Each structure stands twice: as structure tokens, then as C-alpha cells.
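Asker: This is the structure I want to talk about, given as C-alpha cells.
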Amino acid sequence: MLSYWEKQSLLAYDCIVIGSGIVGLSTAISLKEKYPKKRIAVLERGLLPAGASTRNAGFACIGSLTEILDDLAYMHSDDVVKLVQLRRKGLQLLRARIGDDRMHYRERGSYELISEAEVPALDRLDEVNGLLSHILPGPAFSMADDKLPKTGIIAKHLVQNNFEGELNTGMMMRTLIDLTLERGIEIKTGCEVLGIEESPTSVTVNVTGGLSFTTPYIAVCTNAFTPALIPNLDIAPGRGQVLVTEPVKDLPFKGVYHFDKGYYYFRELQGRVLFGGGRNLDLLGEATTETELNAVIQADLEEKLRTIILPGRDVAIEHRWSGIMAFGSTKEPLIKAHSARIFLAVRMGGMGIAIGSEAGRMLAAMIPA
Ligand SMILES: Cc1cc2nc3c(=O)[nH]c(=O)nc-3n(C[C@H](O)[C@H](O)[C@H](O)COP(=O)(O)OP(=O)(O)OC[C@H]3O[C@@H](n4cnc5c(N)ncnc54)[C@H](O)[C@@H]3O)c2cc1C
């Protein structure tokens, strides 16, 4: 049984954000910037954020050439450009908010490996550069075959992505949590939202332990886990597999690399190789919210590590993990008012690090005073 005081002062907020990934924290910070006096709480089911934001590869990317060509095959070119612009805006806001040093943001080169079968994509490089020319200060992509030999990487060609960087995901999320707390926003961890009830005047948020919060507005930032709270949305989970090697002696490359339409990605990380992807090998099996490893995909990553990235080297794997993303029938995120009092920023695809800050800003702008 709750006291009068608990109900009034500890369980009532002016706005509640559900989910403490990059989108939830960015939404809370943008809300506080818009309404400095409002009491805002972020509710997180895990003791740590438990989705994709602490489990990705730390690529600050706007899309590779073959990924953008793949998008152009089923999206209108205006929508493809809008997505690239959203990624760029989001990264600019993230960098301005956090500061490059506090998340080790670096631009040490971003490249795409082009296989023999993908060589025709190079004929469209100028077309894609032209398409993006009014939103970027220079060409998005350029040939970089001259850099390939000294990397030791096996590919037919190398394309440079001229507006991409890399960051330390752990430092980025640590700093975002610190900034959220510094601004007087509460984060309640181990607080799983079990249900939401909307009335004409407020929203009741039922959480673990039999407690209920009340608030005029909620921002749902639970990405792949949203269907458990709000059914009938066009959202499906997609798991991403990652491995990190032990330190590699004389590793011949730095920077970040993509291949196969963005389905695979690797980078140098503190003298190691971080390598992830392969979801396209088992799209159905990876449409899950279980953070387990997929043995077939992990074996594929190891095989590609030994034949493409570090050919002829036998390097041990030190860490493996997976994280859960959210996809839909289109690539655009869902950022909208779901009802008068419930607002959503979910379905971030493989772009949430890039677009997450801007998605939060857009969501906060929709929430009334
Ligand atoms: C392997 C991998 C590689 C990636 N690579 C890139 C990349 O190169 N570039 C890029 O931009 N993006 C990349 N992403 C995607 C990016 O990480 C995600 O899009 C982004 O982190 C999504 O952020 P989010 O805040 O929407 O969701 P999440 O980080 O999933 O946060 C949602 C939070 O909600 C919480 N939650 C869920 N349900 C409840 C509930 N009922 N009650 C309370 N809390 C709840 C979860 O515990 C979680 O902490 C990658 C992701 C993975 C996994």
C-alpha cells in the first residue's frame, strides 16, 4: 500500500521516457532543454541499458555506396537523401552534445570493400555523389584503391566514405548518462514497464513491483521491444552479432570498414579487430529479442576475419556478443504521436547511433507543455 507522499512526490512526473538507450536519453535531454522546470524520469528495465545502444560497433556512419544503391532499389531517391541527411544531422547533434573527446570520436578513414560481383556499383558512384551533393560539403564517396595494398585486406576495390567516423560506444553512453543526470533528470533502472493506460487527462505507467507512475505524457523509446507495450506496430527485432579479437601484432590498418551493403562491418579498436554483421545469413533466425550468439553467423565472421580481413593470420577471439535492433517494412524510423499522450521514437534500424540524437530532438519537439 502506498502513502499519500509516495504517490504525490515519488511516482508523479511531468513526462516519463521509457527506455534508456541513446534515443531515450537524447529525448529526455531535449525535453529538459525545452522545458527546464519539468520533472522528467527515464524508466529502464535493465540495471544497464539492455538493447542496442551499448552493444553496437561504434560506427558513426551515413551509409556506404552499396547500401545506398540497395536503398535506391526500393525507396524513392528523395527518401534516401532524407535518411542520409537525418544520419548526418543526428551525428552533428551527438558530437555537439557530447564532445568528440568524451566519446573518442575520430575520423581515421571509413572505407567500403568492393567484391568482384559488386564492381558494377562503381559505375554509379558519380550518380550517388550527385544525389547527395546538396546535403554534403563535398563528394560522399571516392575511389581509394591506392590505400588497399598496405591494409592487407582482400578486396577487388576500396571506396572511401568521406563523411564518416568512429566512436567508443561505451564512452558515448557513459557520457550521455552523466549528462542526463547532471541536468536533473532521474533514471530509474531495474524498472520494467509492464503496461500503459491512457485516460483523457493522464497516463498511468505500471512497472515491476506493483508500482504505477502517473504523468501527462510519455515518450516510448524502447525500439525493438516496443511491440510488448504497444501492439500492431510495423516493428520486427533484428539481432546483430559482434566479435573482438585479442590484440593483433602490427595490425596494418586503422579506421572503419564496411562490406556487402553494410551487412558486415569491422574496425581497428585499441589494437584489436572488432567485426560484426552477417544478419543476412539468417534473417528469420535473427528476428529475435534474445541476446544469444548464433553459431553459424559467428563461424562465418571468423571465416571472413581469416580470409578477408587478416588473411593468413591466426588470431584468437577475445569477446563475442549480440545486440537487438529494430526494423520495419520501410527503413524510416517511426517518430510520431501515437495518441494524444503517447509519443514514439522507435525502429532505428542499423542507424540509431547516427540518427538517435536527432530522433530524440524531434520527439521532444512533439510533446506539448
Ligand atoms: C551489432 C550492432 C551494430 C550496429 N551498428 C550501428 C552502426 O554502425 N551505426 C548506427 O548508427 N547504428 C548501429 N546499430 C544500431 C544502433 O545501435 C541502434 O539503432 C540504437 O542503439 C537504438 O537505440 P534505441 O535507444 O532506440 O534502442 P535501445 O538501445 O535498444 O534502447 C531501448 C531501451 O529500452 C529498454 N526497454 C525495453 N523495453 C522496456 C520496458 N518495457 N520497460 C523499460 N525499459 C525497456 C531496453 O532495455 C533498452 O535499454 C547497431 C546495432 C547493433 C546491435
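Asker: Give, in whole angstrom and from largest to smallest, the semi-axes √(5λ) of the equivalent ellipsoid of region 120-169, with λ running over the eigenvalues of the Cα gyration tensor. Don't skip to the answer; put the middle values down first.
Answerer: Working: eigenvalues 92, 58, 13 Å².
Over the Cα atoms of region 120-169, the ellipsoid semi-axes are 21, 17, 8 Å.
Asker: Further, regarding this structure: In whole Hz, what ³J(HN,Hα) sequence does region 40-49 give by Karplus (6.51, -1.76, 1.60; θ = phi - 60°), x for Gly and Pro?
Answerer: 10, 10, 10, 9, 10, 5, x, 6, 10, x
Asker: Order of Asp314, Asp71, Asp14 from fewest to most other C-beta atoms within 10 Å?
Answerer: Numbers: Asp314 6, Asp71 20, Asp14 16.
Arranged by neighbour count, lowest to highest, Asp314, Asp71, Asp14 become Asp314, Asp14, Asp71.
Asker: Using only Cα atoms and rounding to the nearest 10 degrees, what angle (0 to 90) does helix 22-34 make with the longest principal axis of the chain?
Answerer: Long axis of 22-34 versus the principal axis of the chain: about 50 degrees.
Asker: Which order results if Tyr263, Tyr13 are arranged by neighbouring Cβ count within 10 Å, fewest first? Numbers along the way, then the final one.
Answerer: Numbers: Tyr263 18, Tyr13 22.
Least crowded to most crowded, the residues run Tyr263, Tyr13.
Asker: Using only the alpha-carbon atoms of region 236-327, report the extent along each of the three principal axes, biggest first, to the nearest angstrom.
Answerer: Here the spans come out as 41, 23, 21 Å, largest first.
Asker: Considering Cα pairs under 8 angstrom that are at least six residues apart, work out the relative contact order of region 236-327 and quote it in whole percent.
Answerer: Details: 166 pairs, mean separation 41.1, N = 92.
Relative contact order for region 236-327 comes out at 45 percent.
Asker: Turning to a different aspect of this structure: Using +1 on the beta carbon of Lys and Arg, -1 on that of Asp and Glu, and nothing else charged, what's the dipole of region 1-124 about the Cα centre, debye to 20? Don't skip to the end; give the middle numbers.
Answerer: Values: 18 positive and 16 negative charges, 206 e Å.
Dipole about the Cα centre, nearest 20: 1000 debye.
Asker: Within 10 Å of each candidate Cβ there may be at most 12 other Cβ atoms; applying that plus a DSSP loop requirement, which GluC sites (Glu not before Pro) in region 251-313 survive?
Answerer: Within region 251-313, the qualifying GluC sites (Glu not before Pro) (loop, at most 12 other Cβ atoms within 10 Å) are Glu290, Glu292.
Asker: Please rank Asp260, Asp146, Asp178, fewest neighbouring Cβ atoms within 10 Å first, as an exposure proxy. Can you show the working numbers first?
Answerer: Working: Asp260 20, Asp146 8, Asp178 12.
Result, fewest neighbours first: Asp146, Asp178, Asp260.
Asker: Expressed as an acute angle from 0 to 90° and rounded to the nearest 10, what is the orientation of the C-alpha long axis of helix 65-74 relative to the principal long axis of the chain?
Answerer: Tilt relative to the chain: about 60 degrees.
Asker: How large is log10 of I(q)/I(0) for the chain at q = 0.07, 0.08, 0.11 Å⁻¹ when the intensity is taken from the Debye formula with one equal scatterer per alpha-carbon?
Answerer: Listed by q, the Debye log ratios stand at -0.32, -0.41, -0.76.
Asker: Now for a different question. I need the trypsin sites (Lys or Arg not before Pro) found in region 126-165, filtered to DSSP loop residues with at most 16 other beta carbons within 10 Å of theirs. Walk me through the intermediate numbers first.
Answerer: Values: sites: Lys147, Lys150, Lys156; in loops: Lys156.
Sparse-neighbourhood loop trypsin sites (Lys or Arg not before Pro): Lys156.
Asker: Now for a separate question. Using only the C-alpha atoms of region 24-77, find the volume of their convex hull and express it per residue in Å³. Please report the intermediate quantities before stating the final value.
Answerer: Details: hull volume 8.3 nm³, N = 54.
Each residue corresponds to 155 Å³ of Cα convex hull volume.
Rule-based calculations on the coordinates, nothing more; no lab input. No experiment lies behind these values; they were computed from the predicted model shown. All Cβ positions, glycine included, derive from the backbone under ideal geometry; neighbour counts span all protein chains shown.
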